[in-house]
Amino acid sequence: MEPLNKKSGWFILLLLFSATVSAQVNSSQVFADSYRYESSGDYQNAIAELNVLNGYDYHKSLRLGWLYYLAKDYESSKKFYNQAIGLAPQAVEALLGICYPLEAQKKTDELETVYKKILSLDKANSKVNYALGNIYYYRKDFIQAEKYFDLVQTMYPFDYYSTLMSAWTKYFLNKKNDAQRLFNIVLIISPTDQSAKEGLNLLK
């Protein structure tokens, strides 16, 4: 076998050094340092900490999506959340994550698609059912809104927001008895609520 030339020798030493450095990276410490920077509002260093990490690709992508969202770099946030979704297609948390930049950008149509994907994996998710109900409510698609608000209200009968939104949805669907019942429940949950009082006055 021919002896290694000088150039080849340096290349092998560099590879060995890189492998040694990589092996010395403490993944837990990397994340701890990233959390520390995040807590002080230094999102760029929180991001930079993760760039030295090999492995934990899903967890790193998910966290980068969150950090770029905090830094208001919504396109980069979506990029990394999409990477996480690709790595773990059944992970509801990654789909919930991408909702943050989409909400910030007011991408309602894209949010609707993501919400439905989440519900295909977790049909009883109260936050997503409520959010989807809101989308339809503000589009004045009260028939669709009713379905989602009712589901949340059935699961959480003492929840203020879903009860109030369900009441107004019934009102606009001219379901007066249901609307009255729900507005009265709102006033049990929040006795001084002006929105519920307004609804009841309109029903007189």
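The values are calculated or read from the model by the stated rules, or taken from the named source; none is laboratory data. Small disclaimer: the values here were computed from a predicted structure and weren't measured. For neighbour counting, all protein chains shown are included, and Cβ atoms are generated from backbone atoms with ideal geometry for every residue, glycine included. What goes into the accessible areas is simple: the full protein's heavy atoms, side chains included, and nothing from ligands, DNA or RNA. Shrake-Rupley method; radii C 1.70, N 1.55, O 1.52, S 1.80 Å.
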Open item on the list: For the stretch 190-198, check the following and say yes or no: at least one residue is more than 32 Å from the chain's Cα centre (by Cα), at pLDDT 95 or above and assigned to a helix (DSSP H, G or I).
Closed with: yes
TODO: Could you grab me the full set of residues in the stretch 128-146 that are assigned to a helix (DSSP H, G or I), open to solvent by 20 Å² or more (accessible area, probe 1.4 Å), touching a residue at least 24 places away in the same chain (Cβ under 8 Å) and not hydrophobic (A, V, I, L, M, F, W, C)?
DONE: Tyr130, Asn134, Tyr137, Glu146
- [ ] Run Leu96 past the list (1) free of Cβ contacts under 8 Å to residues at least 12 places away in the same chain; (2) within 21 Å of the chain's Cα centre (by Cα); (3) open to solvent by less than 80 Å² (accessible area, probe 1.4 Å) and report the number of the one that doesn't hold.
- [x] (1)
Open item on the list: Looking at the stretch 43-93 only, could you name the residues that are more than 20 Å from Lys107 (Cβ to Cβ), assigned to a loop (DSSP other than H, G, I, E, B) and open to solvent by 50 Å² or more (accessible area, probe 1.4 Å)?
Closed with: Asn51, Val52, Asn54, Tyr56, Pro89, Gln90
Open item on the list: For the stretch 105-123, check the following and say yes or no: at least one residue is modelled with pLDDT of 95 or more, touching a Pro at 6+ places or on another chain (Cβ under 9 Å) and among the small types (Gly, Ala, Ser).
Closed with: no
